[in-house]
Amino acid sequence: MDLKDYIRSIADYPKKGILFRDITTLIKNENAFKHTIDQLVEASKVFNSNKIAAIESRGFVFASAVSYLTNKPFIMLRKKNKLPAETHSVDFQLEYGDATIEVHKDSINKGDKVLIIDDLIATGGTAEASAKLVEMSEGSVAGFIFVINLFDLGGCEKLIEKGYKIKNLIEFPGH
(Lines give C-alpha, C1' and ligand atoms only; values in the text may rest on other atoms or scores of the structure.)
Protein backbone atom coordinates (compact mmCIF):
# COMPACT_ATOMS: atom_id res chain seq x y z
CA MET A 1 0.00 0.00 0.00
CA ASP A 2 1.36 3.41 -0.95
CA LEU A 3 0.39 5.78 1.86
CA LYS A 4 1.01 8.77 -0.40
CA ASP A 5 -2.22 7.88 -2.19
CA TYR A 6 -4.13 8.67 1.02
CA ILE A 7 -2.66 12.12 1.70
CA ARG A 8 -4.67 15.07 0.43
CA SER A 9 -2.77 18.21 -0.62
CA ILE A 10 -4.47 21.57 -0.03
CA ALA A 11 -3.02 24.70 -1.63
CA ASP A 12 -2.74 27.99 0.26
CA TYR A 13 -3.58 26.54 3.67
CA PRO A 14 -3.19 27.79 6.39
CA LYS A 15 -1.84 30.74 4.43
CA LYS A 16 -1.02 31.63 0.84
CA GLY A 17 2.02 29.82 -0.51
CA ILE A 18 1.73 26.77 1.79
CA LEU A 19 0.83 23.36 0.32
CA PHE A 20 -0.74 21.59 3.30
CA ARG A 21 -0.42 17.78 3.50
CA ASP A 22 -3.65 16.59 5.08
CA ILE A 23 -3.63 13.29 6.99
CA THR A 24 -7.40 13.23 7.59
CA THR A 25 -7.87 11.36 4.33
CA LEU A 26 -5.42 8.72 5.56
CA ILE A 27 -6.95 8.22 9.01
CA LYS A 28 -10.53 8.04 7.71
CA ASN A 29 -9.58 4.99 5.62
CA GLU A 30 -9.45 2.01 7.98
CA ASN A 31 -6.99 0.04 5.82
CA ALA A 32 -4.60 2.96 5.30
CA PHE A 33 -4.77 3.90 8.98
CA LYS A 34 -4.12 0.31 10.10
CA HIS A 35 -1.22 0.03 7.64
CA THR A 36 0.25 3.28 8.97
CA ILE A 37 0.01 2.16 12.59
CA ASP A 38 1.54 -1.22 11.71
CA GLN A 39 4.45 0.55 9.99
CA LEU A 40 4.93 2.90 12.96
CA VAL A 41 4.99 0.02 15.42
CA GLU A 42 7.53 -1.83 13.25
CA ALA A 43 9.67 1.31 12.92
CA SER A 44 9.54 1.88 16.69
CA LYS A 45 11.31 -1.44 17.32
CA VAL A 46 14.69 -0.04 16.21
CA PHE A 47 14.57 2.68 18.88
CA ASN A 48 15.57 1.86 22.44
CA SER A 49 12.68 3.60 24.21
CA ASN A 50 10.58 3.09 27.31
CA LYS A 51 8.05 5.89 26.66
CA ILE A 52 6.22 7.25 23.62
CA ALA A 53 5.56 10.99 23.29
CA ALA A 54 3.53 12.84 20.70
CA ILE A 55 3.23 16.40 19.54
CA GLU A 56 -0.23 18.00 19.72
CA SER A 57 -2.54 17.29 18.10
CA ARG A 58 -2.25 15.08 15.03
CA GLY A 59 0.70 13.25 16.54
CA PHE A 60 -1.66 12.00 19.27
CA VAL A 61 -3.67 10.06 16.68
CA PHE A 62 -0.66 7.95 15.72
CA ALA A 63 1.40 7.81 18.91
CA SER A 64 -1.43 6.75 21.20
CA ALA A 65 -2.03 3.67 19.02
CA VAL A 66 1.70 2.88 18.98
CA SER A 67 1.84 3.34 22.76
CA TYR A 68 -1.05 0.93 23.23
CA LEU A 69 0.33 -1.71 20.88
CA THR A 70 3.88 -1.55 22.32
CA ASN A 71 2.66 -1.35 25.93
CA LYS A 72 4.63 1.84 26.65
CA PRO A 73 3.39 4.94 28.51
CA PHE A 74 2.07 7.79 26.37
CA ILE A 75 3.27 11.36 27.01
CA MET A 76 1.44 14.39 25.60
CA LEU A 77 3.48 17.38 24.37
CA ARG A 78 0.90 20.16 24.27
CA LYS A 79 0.41 23.78 23.37
CA LYS A 80 0.79 26.40 26.10
CA ASN A 81 -1.78 26.34 28.94
CA LYS A 82 -3.37 23.02 27.91
CA LEU A 83 -1.86 20.90 30.70
CA PRO A 84 -3.29 21.34 34.23
CA ALA A 85 -0.28 20.43 36.40
CA GLU A 86 3.21 21.93 36.65
CA THR A 87 5.02 21.99 33.29
CA HIS A 88 8.29 22.52 31.50
CA SER A 89 7.89 24.97 28.56
CA VAL A 90 9.85 25.74 25.40
CA ASP A 91 9.18 28.68 23.06
CA PHE A 92 9.98 28.17 19.37
CA GLN A 93 9.36 29.43 15.84
CA LEU A 94 6.89 27.88 13.40
CA GLU A 95 6.89 28.40 9.65
CA TYR A 96 4.08 30.92 10.20
CA GLY A 97 4.45 32.26 13.75
CA ASP A 98 5.68 31.71 17.29
CA ALA A 99 4.53 28.95 19.65
CA THR A 100 5.12 27.33 23.02
CA ILE A 101 5.04 23.62 23.79
CA GLU A 102 4.80 22.06 27.24
CA VAL A 103 5.02 18.74 29.09
CA HIS A 104 4.00 17.85 32.62
CA LYS A 105 7.08 17.84 34.85
CA ASP A 106 6.13 14.41 36.22
CA SER A 107 5.66 12.75 32.79
CA ILE A 108 9.30 12.01 32.04
CA ASN A 109 11.76 10.75 34.62
CA LYS A 110 15.52 10.94 34.77
CA GLY A 111 16.90 8.26 32.45
CA ASP A 112 13.71 7.72 30.45
CA LYS A 113 14.29 7.10 26.74
CA VAL A 114 11.50 8.80 24.84
CA LEU A 115 10.45 8.11 21.24
CA ILE A 116 8.68 11.17 19.77
CA ILE A 117 6.06 10.58 17.07
CA ASP A 118 4.32 13.18 14.91
CA ASP A 119 2.32 13.25 11.71
CA LEU A 120 4.68 15.52 9.80
CA ILE A 121 8.03 17.30 9.93
CA ALA A 122 8.61 20.50 7.98
CA THR A 123 11.29 22.89 9.27
CA GLY A 124 11.79 20.94 12.49
CA GLY A 125 11.04 23.72 14.97
CA THR A 126 8.32 21.84 16.84
CA ALA A 127 10.33 18.61 16.87
CA GLU A 128 13.42 20.38 18.18
CA ALA A 129 11.34 22.06 20.92
CA SER A 130 9.91 18.65 21.84
CA ALA A 131 13.40 17.23 22.20
CA LYS A 132 14.30 20.14 24.50
CA LEU A 133 11.29 19.31 26.70
CA VAL A 134 12.40 15.69 27.03
CA GLU A 135 15.92 16.80 27.90
CA MET A 136 14.69 19.45 30.38
CA SER A 137 12.91 16.56 32.12
CA GLU A 138 16.25 14.70 32.36
CA GLY A 139 15.16 12.09 29.84
CA SER A 140 16.81 11.39 26.52
CA VAL A 141 15.35 11.33 23.03
CA ALA A 142 15.48 7.78 21.67
CA GLY A 143 14.50 9.17 18.26
CA PHE A 144 11.72 10.56 16.11
CA ILE A 145 9.25 8.92 13.77
CA PHE A 146 7.22 11.04 11.35
CA VAL A 147 4.50 9.80 9.04
CA ILE A 148 5.43 12.52 6.52
CA ASN A 149 8.74 14.28 5.90
CA LEU A 150 8.57 17.47 3.82
CA PHE A 151 12.11 16.77 2.66
CA ASP A 152 12.98 20.10 1.07
CA LEU A 153 12.20 22.11 4.23
CA GLY A 154 15.17 20.67 6.12
CA GLY A 155 13.62 19.57 9.40
CA CYS A 156 15.04 16.05 9.39
CA GLU A 157 18.49 17.32 8.48
CA LYS A 158 18.34 19.79 11.38
CA LEU A 159 17.53 16.98 13.82
CA ILE A 160 20.17 14.64 12.37
CA GLU A 161 22.79 17.39 12.70
CA LYS A 162 21.90 17.57 16.40
CA GLY A 163 22.51 13.83 16.71
CA TYR A 164 18.92 12.56 16.76
CA LYS A 165 17.80 9.37 15.00
CA ILE A 166 14.96 9.81 12.52
CA LYS A 167 12.54 7.54 10.66
CA ASN A 168 9.88 8.67 8.14
CA LEU A 169 7.19 6.59 6.48
CA ILE A 170 6.69 8.80 3.39
CA GLU A 171 8.14 11.95 1.85
CA PHE A 172 6.76 14.90 -0.08
CA PRO A 173 8.27 18.18 -1.26
CA GLY A 174 7.31 21.12 0.96
CA HIS A 175 5.82 24.20 -0.70
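The values are calculated or read from the model by the stated rules, or taken from the named source; none is laboratory data. Keep in mind that what you see is a predicted model, and the values were worked out from it rather than measured. Glycine gets a Cβ as well: all are built from the backbone with ideal geometry, and neighbour counts include every protein chain shown.
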Note to self: Tell me yes or no: at least one residue of region 107-122 is within 27 Å of Tyr6 (Cα to Cα) and either surrounded by fewer than 21 Cβ atoms within 10 Å (Cβ to Cβ) or at pLDDT below 95 (or both).
What the structure shows: yes
Check: What number of residues in region 21-60 are under 17 Å from the mean Cα position of the chain (by Cα) and without any contact (Cβ under 8 Å) to a residue 60 or more places away in the chain?
Finding: 12
Next item on the list: Among the residues of region 67-85, count how many are free of Cβ contacts under 8 Å to residues at least 24 places away in the same chain and out of contact with any strand residue (DSSP E or B) (no Cβ under 6 Å at 6 or more places or on another chain).
Entry: 5
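Strands (runs of 3 or more DSSP E) wholly in region 1-105 with at least 2 residues that are touching a helix residue (DSSP H, G or I) at 6+ places or on another chain (Cβ under 8 Å) and at pLDDT 95 or above - which ones?
Strands (runs of 3 or more DSSP E) meeting the threshold: 51-55, 74-79, 87-94, 97-104.
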Next item on the list: Restrict the check to region 113-127 and report whether at least one residue is in a loop (DSSP other than H, G, I, E, B), basic (Lys, Arg) and over 29 Å from Phe172 (Cβ atoms).
Entry: no
Next item on the list: Considering each residue of region 61-87, count those that are within 14 Å of the chain's Cα centre (by Cα) and surrounded by 14 or more Cβ atoms within 10 Å (Cβ to Cβ), and give that number.
Entry: 12
Notebook entry, point to check: Just for region 123-132: of the residues that are in contact with a helix residue (DSSP H, G or I) (Cβ under 7 Å, 6 or more places away or on another chain) and among the small types (Gly, Ala, Ser), which one is surrounded by the most Cβ atoms within 10 Å (Cβ to Cβ)?
Noted result: Ala127
